[in-house]
Amino acid sequence: MASVFGKTWWGPFSLLCFLLAGVGILLRFDPIFRPQNELLLLLLPLAWGSVSGTIKCFRPDLTVITPKNFMLFVWFNKLVIIPLEIIVVGNMIPVEHHLNQDISTEICITLVSFGAFVVGWSCFSQKQILRPVIAFSFLTTWASVYFLVALISLSLLYGSFENYLSGAIFTYVTREIVEQNATFVGFLANIGQRFWAFGVLLMWYKWKTKKGKIHWLRQVPWLLLCLAGTLSSNRSNILYPLLTLMSVMCANWKTRYHFRWAMVFSTLLLLLLFFGYVRVQPSLDFEVLKTLFDEYLNRWEYIVQAHQLYVGSPYQITPLLSIQPSSFTLIASLLEPIPIVGKAFREQSGPYIYNLAYFQSLVSQDKVIPVVGELYYNGGYLLVGLGSAVIAVVYKWLDAAFKRNVPVNPPLAAAFFYVMLLFSATLLLSLSVLMQFLVYNAAPALLVIAANWSRIRKAS
């Protein structure tokens, strides 16, 4: 038991406060006259403090960029930063909500999800992890093929590299491209452009093995090269490849100042939200960019709303509580993003039902149904608990696979890290987005994993 639990001052203190707050809610709670929403929201950061302060395996790694630290950063924002935001400045998710309406169900769903995730993470055995193998040879050939696929795809989609560099980050350009390339070739080209980042990764690894120990400044050009081929109006298509490359570049970057770095990355996250302003413009120059940034800083409501929307607020679950379950949506949600096949499942999927409940009409389909909300809609708290535990097991497996391979096979470790980022849709987005990521984004990473798995099979 000593290997599982570790004493900290904030763990028992948070647990005591959590119990006291729970008792206070039970004694004073009334869903109409005294909903106690502030106390309900405080349960979330107290739950985080109780777990992080008492369970050793839920404390950050010394290495800064790992799957585990990414997972903890997401939960820290969901359970600590966002609830405190809501208490201080209010809910910014524009759902139908009355001042005297309690959010006890939303909080309970979040707590059950987090509790089951902790159990799944803590109980998972790491013995069945894919054993490491020295990185495969022919790195130049692999990298060249990846670059070729990416360049052909970019030229097919955008017509020329000039068009790509000048318009890839803008939403209106992306929409036009999607409409013009709604063919099988366009589908393959959309997948192919994701190969660029892994081409850069493979060439970087070949360069690193020749140079040995490298100063961090000499890594920056590789990050810029990665960025040059991953421009997109979708923020994840830009951020995830950069994080993947940094995960192996910074494998020896360690720190004990976890809270400080959590605050730094939270600030960077808010700066990333500024991209939402940029991508809806028809064009940009320095003056326009400066004006947009000034406007962005002055509109704190937008910043808070974007943070709550993209990381996950308890209020995102609220629309699902106003409707009675009419069908099982999980399978349809997974199949809906698949080209051609998905058309038959859209009206039975979670996103369709969620947007219908959100807008009370079909005027838009742009809201993302949270995974825990869809689990609750389909199977109540039992399915929330089981689903969250399974998600935790997958996260733990990817984290262990990354750490086991990063010293000897950085390309394989990076592939696992990238798959973990795509899988983070289970915490940040929806099942439909997860499947969309797997269909359009996962191919280069999965090929690296398959190639290494094949080598392990031959070696054994």
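The values are calculated or read from the model by the stated rules, or taken from the named source; none is laboratory data. Here the structure is a predicted model, which is why all the values come from computation and not from measurement. Quick reminder, even Gly has a Cβ in these numbers, built from the backbone with ideal geometry, and neighbours come from all protein chains shown. Ligands, DNA and RNA are stripped out before the accessible areas are found, and what is left, the full protein with its side chains, is counted by its heavy atoms. Shrake-Rupley method; radii C 1.70, N 1.55, O 1.52, S 1.80 Å.
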Quick one: dipole size for the chain, taken about the Cα centre, charges +1 on Lys/Arg Cβ and -1 on Asp/Glu Cβ, in debye to the nearest 20.
-> 2480 debye
Can you give the accessible area of S160, probe radius 1.4 Å, in Å² rounded to 10?
-> 40 Å²
Compute the acute angle (0 to 90°) between the alpha-carbon long axis of helix 171-180 and the principal axis of greatest extent of the alpha-carbon atoms of the chain; round to the nearest 10°.
-> 60 degrees
In whole Å, largest first, the alpha carbons of the stretch 43-91 cover along the principal axes 35, 22, 11
Rg/Rh for the stretch 217-279, where both radii come from Cα atoms and Rh is the Kirkwood radius | 1.00
Can you pull the Rg over Rh of the chain, Cα-only, Kirkwood?
-> 0.96
Could you grab the relative contact order for the chain? Cα pairs under 8 Å, six or more apart, rounded to a whole percent.
-> 23 percent
If you take the charge dipole of the stretch 260-320 about its Cα centre, with +1 on Lys and Arg Cβ and -1 on Asp and Glu Cβ, which of L272, W300, L320 is farthest toward its positive end?
-> L320
By how many degrees, between 0 and 90 and to the nearest 10, does the Cα long axis of helix 235-249 differ from the longest principal axis of the chain?
-> 70 degrees
Which links in K56/K254; K78/K208; K56/K210 stretch past 28 Å when you go from one Cα to the other?
-> K78/K208; K56/K210
Cα-based Rg (one decimal) and Dmax (whole number) for the stretch 336-460, in Å?
-> 17.4, 58
